[in-house]
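Q: So that we are looking at the same thing, I have put the structure below in structure tokens.
Laboratory data are not the source of any read-out in this text; all were calculated from the coordinates shown. The shown structure was predicted, so the numbers you read here are calculated from the model rather than taken from an experiment. Reconstructed Cβ throughout: ideal geometry from the backbone, glycine too, with neighbour counts over all protein chains shown.
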Amino acid sequence: MRKRIPYVVIVCPGHSGSTLLAMCLNAHPHLSVFGEFSTLARRAEQIISGERHGLCSFCDADCEVHTKAEISEIEQLYYAKNKYLRRAKSILFHSKFVTSIYEKTEARWLVDSSKSIRWARSLTRWHRRELDVKYIFLSRDGRSCINSWKRKNSDKPLSDVIRQWKKTVASIIVFKKELDPKDYVNIKYEDLACDPQAALSSICSFLNIGFVKEMLDYPSLPQHIVGGNAGARTRVNMVQKQSLNKGRKDIDWYIKQTQNFFYDERWKSELTGEELDLVTHSVGELNRILGYKK
Ligand SMILES: [Zn+2]
């Protein structure tokens, strides 16, 4: 029987710090972070329609890793006019594409930063024979997550954002119970931001690789990740003198950060008293299960 590909997927609600984590992991020589595999069919469609030109979130169309050849492979595998068919193809052909990516890398583990619980479930269901899937469950205080989500989607009612967060977290908790505990590790965003060496070391020992200091210096190392949060990429963009995403509303806040790791507590000042009461009450029980105090 063919050896399964060692594969790690980051699972979390949006705005939990997965881009920061992905960049840190990518700085490890035994880890290769591709990015958000779950979005490839949509990206292929955007490239074909001219809305997007490349896959790499750092170098766009000029990337030396995600080349034109790779883009055309993705188009051939995943493209379909119908979005449901695109989604079906992205699941159906995933192992095939991962095999071709893994053959090109010298890393021991391939990392998928898709985040999506739905995607993680589909990997478990359809690809366990080809992929040796491990999971990193990243959590963040619900109040902080919801505030970031709200900042980005200011047109959405706060109640919708809360509902979405609760639904995602509840699904993650149920999914985790179905897994063998040796197949996953839990990480808190707050620990990653405040004591990155300890948080990253626990992931390394879970994956049976040693911690390396380069992970703390992630902005200095080549990053060619597909997808992720533009704000979190700012530190790399600045250190590597890449163009900044000026369209982002809060880009100035990211530009002001002078450390590789910083603790984003903007929820404490950005939510009004009334909003904070509503969010705190709504996330209470799930937040407690995730290990956050009131
Ligand atoms: Zn690139």
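Q: For a distance above 13 Å, tell me the whole-number percent of Cα pairs in segment 1-66 that qualify.
A: 72 percent
Q: Could you tell me which of rounded, prolate or oblate describes segment 141-259, using a ≥ b ≥ c as the square roots of the eigenvalues of the alpha-carbon gyration tensor, with rounded for a/c under 1.5 and, failing that, prolate when a/b is larger than b/c and oblate otherwise?
A: Because a/c hits 1.5 or more and a/b fails to exceed b/c, segment 141-259 counts as oblate.
Q: Same structure, new question: For the pair Asp191/Lys3, report the inter-label distance in nm, with labels modelled 7 Å from Cα in the Cβ direction.
A: Using points 7 Å along Cα→Cβ, the separation is 3.0 nm.
Q: Quick one: Karplus J couplings for segment 32-45, per residue in order, coefficients 6.51, -1.76, 1.60, θ = phi - 60°, nearest Hz, x for Gly and Pro?
A: Each residue of segment 32-45 in turn: 10, 8, 6, x, 8, 4, 5, 9, 4, 5, 5, 5, 4, 5 Hz.
Q: Related question: When the Karplus curve 6.51 cos²θ - 1.76 cosθ + 1.60 is applied with θ = phi - 60°, which whole-Hz ³J(HN,Hα) does each residue of segment 46-62 get, with x for Gly and Pro?
A: With the stated coefficients, segment 46-62 comes to 5, 5, 4, 7, x, 6, 9, 10, x, 9, 6, 6, 9, 10, 6, 6, 8 Hz.
Q: Could you tell me which of rounded, prolate or oblate describes segment 221-294, using a ≥ b ≥ c as the square roots of the eigenvalues of the alpha-carbon gyration tensor, with rounded for a/c under 1.5 and, failing that, prolate when a/b is larger than b/c and oblate otherwise?
A: Since a/c reaches 1.5 and a/b is larger than b/c, the shape of segment 221-294 is classed as prolate.
Q: Here's something else I'd like to know. Search the structure for amide H atoms under 5 Å from the amide H of Ser114, placed 1.01 Å from N in the peptide plane, and list their residues when 5 or more places away or on another chain.
A: Ile10, Phe37, Ser38
Q: How much of the DSSP beta bridge set in segment 5-289 is antiparallel, as a percent to the nearest 5?
A: Of the beta bridges lying entirely in segment 5-289, close to 10 percent run antiparallel.
Q: Evaluate segment 1-124: find the radius of gyration of its Cα atoms, find its Kirkwood radius, and give the ratio Rg to Rh.
A: So for segment 1-124, dividing Rg by the Kirkwood Rh gives 0.94.
Q: Then there's this: With +1 assigned to the C-beta of every Lys and Arg and -1 to the C-beta of every Asp and Glu, and no other charges, what is the dipole magnitude of the chain about the Cα centre in debye, to the nearest 20?
A: For the chain, the charge dipole is close to 880 debye.
Q: Right, next: Straight-line reach from Lys3: which lysines have a Cα under 20 Å away, not including same-chain ones fewer than 8 places off?
A: Within reach: Lys96, Lys104, Lys134, Lys182.
Q: Under the rule a/c < 1.5 gives rounded, and otherwise a/b versus b/c splits prolate from oblate, where does the chain land using the Cα gyration tensor?
A: In terms of gyration-tensor shape, rounded.
Q: Okay, moving on. Give a residue-ordered list of calculated ³J(HN,Hα) values for segment 210-219 (Karplus: 6.51 cos²θ - 1.76 cosθ + 1.60, θ = phi - 60°; whole Hz; x for Gly, Pro).
A: Each residue's phi maps through the Karplus curve to give x, 5, 10, 4, 4, 4, 7, 10, 3, x Hz.
Q: What ranking of Cys24, Cys204 emerges when the number of other C-beta atoms within 10 Å of each C-beta is taken as an exposure proxy, fewest first?
A: So the ranking, lowest neighbour count to highest, is Cys204, Cys24.
Q: Using Cβ-Cβ distances only, list the Cys residues of the chain with no partner cysteine under 4.7 Å, sorted by number.
A: Among the cysteines of the chain, those whose Cβ sits 4.7 Å or more from every other are Cys12, Cys24, Cys145, Cys194, Cys204.
Q: Would you pull out the residues with amide H under 5 Å of Ser139's amide H, same chain only if 5 or more places away, H placed 1.01 Å from N?
A: Ile187, Lys188, Tyr189
Q: Going by average Cβ neighbours within 10 Å, how do the peptides 94-104, 159-169, 109-119 rank, with the highest at the top?
A: Result, highest mean Cβ count within 10 Å first: 109-119, 159-169, 94-104.
Q: Find the all-direction average of the projected area of the Cα convex hull for segment 94-177, expressing the result in square nanometres with one decimal place.
A: Across all orientations, segment 94-177 yields a mean hull projection of 7.1 nm².
Q: Given only helices, namely DSSP H runs of n ≥ 4 each adding -39500 (n - 2.57), what is the per-residue ellipticity at 222 nm of the chain, to the nearest 500 deg cm²/dmol?
A: Mean residue ellipticity, 222 nm, calculated: -15000 deg cm²/dmol.
Q: What residues qualify as long-range amide H neighbours of Leu131, i.e. H under 5 Å apart, gap of 5 or more or another chain, H built at 1.01 Å from N?
A: Counting only residues 5 or more places away or on other chains, the set is Ile5.
Q: Quick one: length gained pulling Asp180 to Arg248 fully straight, 0.36 nm per residue minus the C-alpha distance?
A: 20.5 nm
Q: For Leu276 and Ser72, compute 0.36 nm times the residue count separating them, minus their Cα-Cα distance, and round to one decimal in nm.
A: Separation in residues times 0.36 nm, less the Cα-Cα distance, equals 68.7 nm.
Q: How far is the Cα center of segment 111-156 from the Cα center of segment 1-59, in Å?
A: Using only Cα atoms to place each centre, the spacing works out to 12 Å.
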